[in-house]
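The values are calculated or read from the model by the stated rules, or taken from the named source; none is laboratory data. All values derive from a computational prediction rather than experimental measurement. Cβ: placed from backbone, ideal geometry, glycine included. Neighbour counts: every protein chain shown. Keep in mind that these areas ignore ligands, DNA and RNA; they rest on the heavy atoms of the full protein, side chains included. Shrake-Rupley method; radii C 1.70, N 1.55, O 1.52, S 1.80 Å.
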Amino acid sequence: MKKLILTLSLLAVGIVGSADDKEAAMAAGKAKFATCMACHGLDGKGMQVGPQKMAPGYDESEVVKSDNAELFALIVMKGIKKEDAKYMGMMAPLEAALDDEALAGVVTYIRNTFGGHDDFVTVEQAKEWRAKYADVKDSLTRDEIAKKLEESKK
Ligand code: HEC
């Protein structure tokens, strides 16, 4: 009996290890999603203000649906240049507002909840991306985003 319990608990540790990481990322992301809700909406479909939206819905975002979680994180870190009046809000750079855990969490939470993914971004990855793009001072243009999206499909 003791042996059985030992085996079972070893199994549990092995299996729960990675699920725990995802669960932690989802929890951190859900908490930080409050930062996005004001514009992207409680349901992630974009906050409607009269005839206009504050921001696009995640369900209509090619970035959120794509496999490119790095591009998603980059947009959140650097923001998007406001080029037209399509949306009332503006995607500001949020890297200073999110630590690595929050960044990994929010990307994980939104990808899984609205983008049809079943994966997670690790705190380590978020840290790597932050360092990789530390020199980028400008927000992204829509053209840059489209190009990066296209490149990652190749
Ligand atoms: C003050 C309003 C506002 C807040 C807060 C905000 N966003 Fe945005 N976001 C926007 C707007 C506006 C756009 C569209 C910009 C454009 O295309 O010109 C956008 C675009 C995006 C996009 C790109 C969608 C696409 O495919 O074009 C992502 C991803 C995104 N936001 C994620 C987030 C996340 C994650 C948060 C919270 C951590 C957040 N945003 C908070 C306004 C906001």
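Observations, loosely collected:
- Taking the chain and dividing mean pair separation by its residue count, relative contact order in percent (alpha carbons under 8 Å, at least six apart): 26
- For residue 90, no residue 5 or more places off, or on another chain, has a built amide H under 5 Å of its own.
- Dimensionless Rg ratio for the chain, taking C-alpha atoms and the 2.2 N^0.38 Å reference: 1.20
- Pairs with C-alpha atoms separated by more than 18 Å, drawn from the list 82/132; 32/137; 45/147; 53/153; 45/65; 53/86, are 82/132; 32/137; 45/147; 53/153.
- At least 30 Å along the helix axis (C-alpha) and Kyte average at least -0.5, DSSP helices within the chain: 2-32
- When peptides 131-137, 43-49 are ranked by their average number of other Cβ atoms within 10 Å per residue, the highest-first order is 43-49, 131-137.
- Entry comment: accessible area of the chain is 61 Å² per residue, from protein heavy atoms only and a probe of 1.4 Å.
- Unsatisfied cross-links (Cα-Cα over 20 Å) in the set 78/154; 78/148; 30/148: 78/154; 30/148
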